[in-house]
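Report on one structure; see the data block that follows.
The values are calculated or read from the model by the stated rules, or taken from the named source; none is laboratory data. From a predicted model like this one, the values you see are computed outputs, not experimental measurements. Methodologically, a virtual Cβ is constructed for each residue, glycine included, from the backbone with ideal geometry; neighbour enumeration extends over all protein chains shown. Heavy atoms of the whole protein, side chains included, go into the accessibility calculation; ligands, DNA and RNA do not. Shrake-Rupley method; radii C 1.70, N 1.55, O 1.52, S 1.80 Å.
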Amino acid sequence: PHKKVSKICCIGAGYVGGPTCAVIAYKCPDIIVTIVDLNQARIDAWNSDNLPIYEPGLDDVVKSVRGKNLFFSTDVDTAIKEADLIFVSVNTPTKKSGVGKGFAADLGYVESATRHIAKVAESDKIVVEKSTVPCRTAQSMRKILESNGKPGARFDILSNPEFLAEGTAIRDLFAPDRVLIGSLDTVYGRAAAASLADVYANWVPRKQVITMNLWSSELSKLAANALLAQRISSINALSAICEATGADVDEVSYAVGLDSRIGPKFLKASVGFGGSCFQKDILNLVYLSESLHLPDVAEYWRQVVEMNESQKRRFTQHIISSLFNTLTGKRLAVLGFAFKKDTGDTRESAAITLIKYFRQEQAKIAIYDPKVEESQIWYDLAEPGVVDDLTALKKQVTITSSAYEAAQGADAVVICTEWDEFRDTKLDYEKIYATMNKPAFIFDGRLILNQKKLEKIGFKVECIGRSRLEESFE
Ligand code: UDX
Ligand code: UDX
Ligand code: ADP
């Protein structure tokens, strides 16, 4: 017989922990959920009207349960002491130095959260790894807990990877394709998994809550992200062939996606994938493969990231050559800075890399994004450690409060994020055309525009994965 969970603590109030545990509180009125973080400003924001992350539907969920069975706090000790089950949802960035630099995950935050649990816990806890972690992290957590815990307190470790995508987090959490719980194959391990499965069973059909061994669960998370990213790199590699041949990548995606073995989703060619997970998880997999002495496997996955970088370089090169081989002094209106629509998150956003390239070509850049904070854009573009970089940056880059303002006097509009408001049904492109330098170019890095319609207005339109019409007839 397994224990019923009545109090949950979530360590880490970020993109993963915040929405996930808010939804658990919303769906499980009998469970008290406390989300803790060391960052006071972040907790204050969660307790305010202005939540620290933008996610459609999140406000409603938080506001309906906050103060009832959902609490945000910096009192980590109390939350740990009181909880039966603790989610560890701290950040696991790629290591910036030392062994595995640039590839391995920095598990410092996971370790310190785990040590914190060991130090203050006075009773049995189920400890759940929620952050994306390299395979076998659970093992390290178990060792830390067992060698530092108080006598009499037992710890059971579970892996419960999160599959939510930003921008659709609430929808993904309400109706997940599956919930994955990994545990040790022992009496205690299976009981802990059953306790967590009961929590999800409040709203997820039982057959979608699947249990397996810890290592399979940890690896499944990396595998899912690697396969998704691989699809994007594959379609992006095909987009290069399309541009060179006169094929249209949207048509190719459509045609191949109708094969039920391939399926239609996640085949949209783009300027490159971003986000906090894909690159990090693949590099993790590369590192893991290398440490397991599997160099061919490592090389295979490394190419997925390499193709993504190549896509951004290729897109930039295409812009330069279209604009008569020079960007010097030209104004580029960059529409979209987030790594995808419906989020204010910019981690690994393709826009950051593109703007860096544009700056190297001495372009003037005007950026507009509906959700990303101005301070975040400056932070992402500044080069840490370079003296006076911000002054130089501000000579070259401006941030505007509308797409129209960004395009004013521009030589080209560059679509970097597929925000709905940039579509030709929403933005008045005639108005934009009128204020631009001629010839006025649009580079659609997200394939959201109707090329013919914009060409009628007078634009020169260049799209990922589509060669210019006149060229394809030559
Ligand atoms: C991803 C996984 O989807 C999610 O399951 C996991 O938990 C975390 O990582 P996320 O990074 O939030 O989620 O967004 P996702 O929708 O996967 O997009 C990632 C990047 O790929 C974005 O930059 C997006 O624009 C790009 N993308 C996605 C494409 O370029 N083409 C596509 O067809 C799909
Ligand atoms: C393939 C395509 O499926 C088909 O659409 C196309 O018209 C011709 O090429 P075929 O080669 O006959 O068909 O068989 P397929 O079922 O695709 O298998 C190809 C190979 O992949 C086989 O050796 C099969 O054993 C292997 N395979 C397939 C796997 O190893 N794992 C799988 O999950 C699927
Ligand atoms: P993710 O996208 O994985 O959710 P975030 O960076 O958005 O990553 O969130 C992780 C959060 O975890 C941050 O707000 C950070 O302050 C918090 N955090 C990291 N280490 C600890 C810790 N030991 N105790 C409490 N909170 C922590």
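When DSSP beta bridges are limited to those with both residues in the chain, what percentage is antiparallel, rounded to the nearest 5? Mind dumping the intermediate values first?
Details: 4 of 52 bridges.
Taking every DSSP beta bridge with both residues in the chain, the antiparallel ones total about 10 percent.
Taking the solvent-accessible surface of protein heavy atoms with a 1.4 Å probe, what is the per residue accessible area of segment 37-106 in Å²?
49
Can you run phi through the Karplus equation (6.51, -1.76, 1.60; θ = phi - 60°) for segment 392-398 and list ³J(HN,Hα) in whole Hz, with x for Gly and Pro?
Each residue's phi maps through the Karplus curve to give 4, 4, 6, 6, 9, 10, 10 Hz.
Accessible area per residue for segment 404-469 in Å², computed with a 1.4 Å probe and the full protein assembly in place, what is it?
Per-residue value: 39 Å².
Along the charge dipole of the chain, pointing to its positive end and built from +1/-1 on Cβ of Lys, Arg, Asp and Glu, which listed residue (72, 310, 354) has its Cα farthest out?
72
Along each principal axis of its Cα atoms, how long is segment 8-140 end to end? Whole angstroms, biggest number first, please.
If we take the Cα atoms of segment 8-140, the spans are 45, 35, 24 Å.
What's the angle, to the nearest 10 degrees (0 to 90), between helix 187-200's Cα axis and the longest principal axis of the chain?
50
Computed on alpha carbon atoms, what radius of gyration and Dmax characterise segment 222-379, expressed in Å?
17.0, 50
At what distance in angstrom do the alpha carbon centres of segment 53-122 and segment 204-277 lie from each other?
29
What is the helix-to-structure angle for 295-322, meaning the angle in degrees between its Cα long axis and the longest Cα principal axis of the chain, kept from 0 to 90 and rounded to the nearest 10?
It works out to around 30 degrees.
Give me a comma-separated list of calculated 3J(HN,Hα) values for segment 151-156, in order, Karplus coefficients 6.51, -1.76, 1.60 applied at θ = phi - 60°, integers in Hz, x for any Gly or Pro.
x, x, 9, 9, 10, 10
If you roll a 1.4 angstrom probe over the protein chains with everything in place, what fraction of the accessible area of the chain belongs to carbon and sulfur, to the nearest %? Each step should come with its number before you reach the end.
Numbers: 11340 of 21420 Å².
With neighbouring chains kept in place, the figure for the chain is 53 percent.
Please list the non-local residues whose amide H lies under 5 Å from the amide H of residue 94, H modeled 1.01 Å from N, same-chain partners needing a gap of 5 or more.
Amide H neighbours of residue 94, under 5 Å, 5+ apart: 106.
Using square roots of five times the C-alpha gyration tensor eigenvalues, list the equivalent-ellipsoid semi-axes of the chain in whole Å, biggest first.
43, 24, 21
With θ taken as phi - 60° and the coefficients 6.51, -1.76 and 1.60, list the Karplus ³J(HN,Hα) couplings across segment 248-263 in order, rounded to whole Hz; mark glycine and proline as x.
Per residue, the Karplus-derived 3J(HN,Hα) values read 10, 5, 5, 5, 5, 4, 4, 5, 6, x, 6, 6, 5, 6, 9, x Hz.
Have a look at the DSSP beta bridges in segment 356-474 and tell me what percent are antiparallel, nearest 5.
Taking every DSSP beta bridge within segment 356-474, about 10 percent pair in antiparallel fashion.
For the chain, just give the cysteines left without a disulfide-compatible partner, judged by no other Cys Cβ under 4.7 Å.
That list is 9, 28, 135, 242, 277, 416, 463.
Pairs of alpha-carbon atoms within less than 8 angstrom and 6+ residues apart define the contacts here; what relative contact order does the chain have, in percent?
Details: 915 pairs, mean separation 57.0, N = 474.
Over the chain, the number comes to 12 percent.
If you average the C-alpha positions of segment 331-353 and of segment 174-199 separately, how far apart do those two centres end up, in angstrom?
One Cα centre to the other: 36 Å.
Using only Cα atoms, find the angle between the long axis of helix 278-291 and the longest principal axis of the chain, and express it within 0 to 90 degrees, rounded to the nearest 10.
With both axes taken from Cα atoms, the answer is about 60 degrees.
Using modelled backbone amide H atoms (1.01 Å from N, in-plane), which distant-in-sequence or interchain residues come within less than 5 Å of residue 413's amide H?
Excluding prolines and chain starts, which carry no amide H, the hits are 333, 441, 442, 443.
Among the DSSP beta bridges whose two residues both lie in segment 1-141, what percent are antiparallel, rounded to the nearest 5?
Here the antiparallel bridges make up roughly 5 percent for segment 1-141.
Report, by chain and number, residues whose modeled amide H sits under 5 Å from the one on residue 209, excluding near sequence neighbours (fewer than 5 apart, same chain).
The list, which skips near neighbours in sequence, is 179.
Count neighbours as other Cβ atoms within 10 Å of each site's Cβ, and list the trypsin sites (Lys or Arg not before Pro) in segment 1-83 that are DSSP loop with at most 15 such neighbours.
Numbers: sites: 3, 4, 7, 27, 42, 63, 66, 68, 81; in loops: 3, 4, 68.
Qualifying residues, ordered by number: 3, 4, 68.
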